[in-house]
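Participant: Shown below is the structure under consideration.
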Amino acid sequence: MATGNPQASNPRMEMRGSQALQQNLVMTPQLQQAIKLLQMSNIELSSYLETEMEKNPLLEKADENAFEMDSRDSDAGNNMQDDGKIVAADKASDQGNYESAGDDSSDEGSWNLSSQTRGAGHDGRNEDAGEQESSLSHGVSLRDHLMGQMQLDVVDQRERMIALMLMDSLDEAGYMTADINVMAEKLGCDVQKIEDVLCRLQKFEPVGIFARNLKECLTLQLKEKGRFDPAMQGMVEHLDLLAAREKDKLMKLCGVDAEDFAEMVSEIRCLNPKPALAFDHDTAPTIIPDVLMRGSAAKGWVIELNQETLPRVLINESYLSKVQGQVVKKQEKDYLSERVQSANWLVRALHQRATTILKVASEIVRQQDMFFQHGVEFLKPMTLRDIANIIGMHESTVSRVTSNKYIATPRGMFELKYFFSVSINGCSGLSAHSAESVRHRIKALIEGETPNAVLSDEDLVKILKREGVEIARRTVAKYREAMHIATSAQRRREKRIKI
């Protein structure tokens, strides 16, 4: 008969205990802090380190000159590609370069419209306004609001790249400020391609977003309401006369009488001339690259961290030596020891962060080499897992590295996430969904409705959200129309007739 601890003879209990111990180790405070550091942009990290230096007197800002490397050393960085075309240089560490495969509107401005004026117009529809207010009440940023629609509506990776660049060009009012011709040249594609993508984005919520000027913004909203008739078009084309109160002249140009004119002005004033301001957040923050990419005649592409924004800290050795000679009490020695350990860990964590970012960015550039050489039509389908497998990292690590990190390239500024194939995020951390599966679910929900419980588009949005899918009402409507499914009102009438 076996003797000893009965738990020791049970392999299931051993495995369970081992797994529990492993979870405790994985979620240590230091690892949690390292994860936070990895997710931060250089600007966010600078703010974080300021706070850490206030808490730990042993930390000090590193002298930038102390980390400058000779240009020959920088150019002699570790080869990142079999054919020697990509070099990664990191001058942030005293160890020099890292190897990627190593360790882990003008006159229109006088048009006086209140940006707070919101209304349904004269057709009685207010579903869009209600949905937008609902979104805002839950604190959804404009970028997240647009990304949710973009992920569902823009599946082609090349179009998505264009869409993301257009989104980054939005100003505080929600107007598209980019020069399409310049963008087309940078991306290596036709101007018409960008125009086509822009036209799709202008169908997003809030209505009027991605307009290039006030006239276009109002036009988009009037078309949405079915009110952009020739008379209204004439008024929008002559907003300067409306601002100057040239009523008679404008009535003649529009071909309307005083009563119609008054109604048209009332409709105009119910529109939102600055759709993005309703989200009450900065829609166009200054984007500063975390990673720099440049061409090299000898090596192809050189990738390096942005030294101007890369925050660095050191341990103040002279201050440490001075303090060590003064502490006597055990409590003081314990505190100093804890501060030293904390400072050492932070310096190592920053080093690892730099290594990881450089490694991921370099592999992305290697995989998307044809895009950088020839343009957006040569974008390569790529997932986070693809990169993770190649460089030997966990997929979640690559996801954190590529969030809120921008790379300045000869083709423009891109968030690292831009280079990955589209996915549709679930809400509250739930799993991702494909656009096709969302369409299928909408169809199934409608097919399962009863005459007494016909689902409106808003109802469908709420159901999908409970199931973990963030989707805008207008996107639901678009999918429904694409499947040739009638509106809820039409379906309700048809079901009653059958009864």
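Read the figures in this text as sums done on the coordinates, not as results from a lab. Keep in mind that this is a model prediction, so the values were computed, not measured. As a convention, Cβ positions derive from the backbone with ideal geometry for all residues, glycine included, and neighbour counts pool all protein chains shown.
Participant: Once fully extended, how much extra length lies between E332 and S169, figured as 0.36 nm per residue of separation less the alpha-carbon to alpha-carbon distance? Walk me through the numbers on the way to the answer.
Facilitator: Numbers: separation 163, 0.36 × 163 = 58.68 nm, distance 5.33 nm.
Additional length available on full extension: 53.3 nm.
Participant: Ranked by Cβ crowding within 10 angstrom, fewest neighbours first, how are V236, V401, V155 ordered? Before the final figure, lay out each step's value.
Facilitator: On the way: V236 20, V401 25, V155 16.
Arranged by neighbour count, lowest to highest, V236, V401, V155 become V155, V236, V401.
Participant: Using 23 Å as the Cα-Cα cut-off, could you pick out the over-long pairs in K36/K61; K55/K333; K193/K417?
Facilitator: Details: K36/K61 20 Å; K55/K333 17 Å; K193/K417 21 Å.
From the list (K36/K61; K55/K333; K193/K417), the Cα-Cα distance tops 23 Å for no pair.
Participant: Spelling out what I want: for every residue of the stretch 266-276, take phi, set θ = phi - 60°, compute 6.51 cos²θ - 1.76 cosθ + 1.60 (Karplus), and round to whole Hz; glycine and proline get x.
Facilitator: Taking θ as phi minus 60°, the curve returns 4, 5, 4, 6, 7, 7, 10, x, 9, x, 6 Hz for the stretch 266-276.
Participant: Specify whether the C-alpha gyration tensor of the stretch 141-279 places it in the rounded, prolate or oblate class, a ≥ b ≥ c being the square roots of the eigenvalues: rounded for a/c under 1.5, otherwise prolate if a/b is larger than b/c and oblate if not. Can you show the working numbers first?
Facilitator: Numbers: a/c = 2.58, a/b = 2.08, b/c = 1.24.
Since a/c reaches 1.5 and a/b is larger than b/c, the shape of the stretch 141-279 is classed as prolate.
Participant: Rounded, prolate or oblate, given the Cα gyration tensor of the stretch 252-394, with a/c below 1.5 counting as rounded? It would help to have the intermediate numbers written out before the result.
Facilitator: Working: a/c = 3.72, a/b = 1.70, b/c = 2.19.
The shape class here is oblate.
Participant: Within straight cross-link reach of K495, meaning Cα distance under 28 Å, which lysines are found once same-chain residues fewer than 8 apart are removed?
Facilitator: Answer for K495, where 28 Å is the Cα cut-off: K225, K443, K462, K465, K478, listed by chain and number.
Participant: Under a crude label model (7 Å from the Cα following the beta-carbon direction), how far is Y48 from Q367 in nanometres?
Facilitator: Modelled inter-label distance: 2.3 nm.
Participant: With charges only on Cβ, +1 for K and R and -1 for D and E, what is the dipole size of the stretch 277-398 about its Cα centre, in debye, rounded to 20?
Facilitator: Details: 14 positive and 14 negative charges, 129 e Å.
Dipole magnitude for the stretch 277-398 comes out near 620 debye.
Participant: A follow-up question, please. Collect residues whose amide H, placed 1.01 Å from N in the peptide plane, falls under 5 Å from the amide H of E470; neighbours closer than 5 in sequence don't count.
Facilitator: For E470, whose amide H was placed from the backbone, the distant partners under 5 Å are C427.
Participant: While we're on this one: Where the only charges are on Cβ atoms (+1 Lys, Arg; -1 Asp, Glu), what is the dipole of the stretch 427-498 about its Cα centre, to the nearest 20 debye? Could the numbers behind the result be given before it?
Facilitator: Working: 16 positive and 10 negative charges, 58 e Å.
So the dipole magnitude of the stretch 427-498 works out to roughly 280 debye.
Participant: Follow-up. Can you tell me, using C-alpha contacts under 8 Å and at least 6 residues apart, the relative contact order of the stretch 427-498 as a whole percent?
Facilitator: On the way: 43 pairs, mean separation 26.3, N = 72.
37 percent.
Participant: When the Karplus curve 6.51 cos²θ - 1.76 cosθ + 1.60 is applied with θ = phi - 60°, which whole-Hz ³J(HN,Hα) does each residue of the stretch 184-195 get, with x for Gly and Pro?
Facilitator: Couplings: 4, 5, 5, 7, x, 9, 6, 4, 4, 4, 5, 4 Hz.
Participant: Name the residue farthest towards the positive end of the dipole of the stretch 427-498 from the options L460, Q490, G448, assuming +1 on Cβ of Lys and Arg, -1 on Cβ of Asp and Glu, about the Cα centre.
Facilitator: Selected residue: Q490.
Participant: Further question on the same structure: Suppose the chain between S396 and F378 were pulled fully straight at 0.36 nm per residue; how much longer would it get relative to their current alpha carbon spacing?
Facilitator: Numbers: separation 18, 0.36 × 18 = 6.48 nm, distance 2.64 nm.
Stretched out fully, the S396 to F378 stretch lengthens by 3.8 nm.
Participant: A follow-up question, please. Check L170: other-chain or 5+ apart residues with amide H under 5 Å from its amide H, H built from backbone geometry?
Facilitator: T177
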